[in-house]
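No lab work stands behind these numbers, since they all come straight from the coordinates. These numbers come from a predicted model, not from an experiment. Please note: Cβ atoms are built from the backbone with ideal geometry, for glycine as well, and neighbour counts cover all protein chains shown.
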Amino acid sequence: MFGNPSYPTYQAFLALGIAAAITLLLMPLWIKILRFEGIGQQVRADGPERHLIKQGTPTMGGVVILLGIVGSCFLMGQMSMQMLLALGATIATGALGLFDDISSVAHGRSLGLTPLAKMLGLTAIVLIFFVLAITYCGVQPRISFPGGFQIDLGILSTEFMLGDTLIRIPWLYLVFVFLLLAGMSNAVNLTDGLDGLAGGTSMMAMLIMAAICFLSHDANLAIFCASAAGACIGFLWFNSYPASIFMGDTGSLALGGGFAAVAILTNTEVVSLVVGGIFIMEALSVMIQVISFKRTGKRVFLMAPLHHHFEKLGWAETKVVIRFWIISAACGALGLALFFQLG
């Protein structure tokens with residue numbers, strides 16, 4: 001580990017810089033490899049027509065994002081159980097996304113794994129993460145709201161011995177954790193539809209979570225979040241419009257999974273929903289569109305997810321991205337303010 005642990009802010013900023021540097025240095029080589037192998041994005045057939053020119057653009061940039069995060073964390077952080085769990089959730093969801101991307105490329109379509117296969121994978125990841133977080137990180141099955149109000153989700157629990165270890169499973173909290181981790185992974189994935197959109201909004205969300213971790217006196221998780229933000233910065237150099245590479249499900253699922261993992265480990269689940277507000281809006285737009293069309297045959301939005309609705313209104317892609325960045329920054333500021341109101 002580099003740096004002096006007495007200066008956690010210095011370590012976090014250095015971790016951000018290291019992750020950005022790793023991503024910046026490795027991405028050009030990764031792009032060349034993908035182009036040589038002919039591995040490119042499959043654009044959805046029912047998407048905006050202007051996106052057809054993106055067909056074949058290298059994808060799976062999330063592989064390098066993961067390398068940037070992991071490399072920076074190992075250089076700057078201490079491998080506490082919290083750090084290992086955050087990294088584990090990020091790598092595991094990223095690996096699931098990688099299988100999804102490979103399946104998409106292999107079958108030459110915009111959809112990869114079936115929804116059932118992806119959900120089974122996320123369920124396994126959540127179960128392992130949940131048991132370890134409760135057992136070894138002391139995560140409490142409570143949801144904290146600004147103003148000091150809390151809801152105890154540990155009232156319906158099962159306990160059993162596994163060797164010498166007491167395993168406790170609070171079932172209501174398990175359901176909540178599943179909805180948060182699986183939901184946030186998919187929400188970031190839905191946001192990844194325009195050049196620079198998911199990378200920029202994830203970078204802002206992770207910077208806010210780094211500040212929250214620092215204020216919660218967890219320097220290691222702050223380093224993790226700063227590393228994720230730095231990796232997004234390095235990625236944006238190549239993903240800015242017009243993109244030379246996309247992060248793919250490898251990156252979007254990993255960033256969403258890592259974001260949710262930090263929220264759970266710091267007991268800031270509610271605050272995280274505000275910080276990641278742009279992801280929630282994107283996911284809700286899809287849910288509303290599907291429910292409305294199935295029940296009434298009418299669409300609420302011109303196209304879902306939400307960013308495509310504004311494209312259909314005639315907004316330029318870069319205008320949509322920058323305005324969503326602004327909204328994401330506002331959500332982050334509001335979330336940080338609400339963090340100080342937690343009991």
remark   = The extension gain from Asp152 to Asp164, computed as 0.36 nm times the residue separation minus the Cα-Cα distance, is 1.6 nm
note = Amide H contacts under 5 Å for Arg142, restricted to residues at least 5 apart in sequence or on another chain and with H modeled in the peptide plane, are Leu153
task = Enumerate the lysines that Lys118 could reach by cross-link, defined here as Cα to Cα under 30 Å, with residues fewer than 8 away along the same chain left out.
result = Lys32, Lys54, Lys294, Lys298, Lys312
task = Give the long-range amide H neighbours of Leu342: residues separated by 5 or more places, or on another chain, with amide H under 5 Å away, using H modelled in the peptide plane at 1.01 Å from N.
result = Gly147
query = Which peptide among 7-20, 299-312 comes first, and what is the full order, when sorted by highest mean count of other Cβ atoms within 10 Å?
reply = 7-20, 299-312
request  = Find how much the distance from Leu179 to Leu120 grows on full extension, using 0.36 nm per residue of separation minus their present alpha carbon separation; answer in nm with one decimal.
outcome  = 19.9 nm
remark   = Taking 84-91, 321-328 and ranking on average Cβ neighbours within 10 Å, highest first, one gets 84-91, 321-328
task = Give the distance, in whole Å, between the Cα centre of region 315-343 and the Cα centre of region 169-193.
result = 20
message = Run the numbers for Lys319 and Lys298: contour at 0.36 nm per residue of separation, minus the present Cα-Cα distance, in nm.
response = 4.8 nm
inquiry  = If neighbour count is taken as other Cβ atoms inside 10 Å, put Thr123, Thr268, Thr57, Thr201 in order from fewest to most.
reply    = Thr123, Thr57, Thr268, Thr201
remark   = CD proxy, 222 nm, the chain: helix-only mean residue ellipticity via -39,500 (n - 2.57) per DSSP H run with n ≥ 4, per residue, nearest 500, stands at -23000 deg cm²/dmol
task = Step through the residues of region 196-206 one at a time and calculate ³J(HN,Hα) from phi using the Karplus curve (6.51 cos²θ - 1.76 cosθ + 1.60, θ = phi - 60°), rounding each to whole Hz and writing x for Gly and Pro.
result = x, 6, 5, x, x, 5, 5, 4, 5, 4, 5
ask   = What order, most packed first, do the peptides 70-82, 167-179, 26-38 have when packing is the mean number of other Cβ atoms within 10 Å of each residue?
value = 70-82, 167-179, 26-38
inquiry  = Please give me, ordered by residue number, the chymotrypsin sites (Phe, Trp or Tyr not before Pro) of region 109-164 that lie in loop per DSSP and have at most 12 other Cβ atoms within 10 Å.
reply    = Phe149
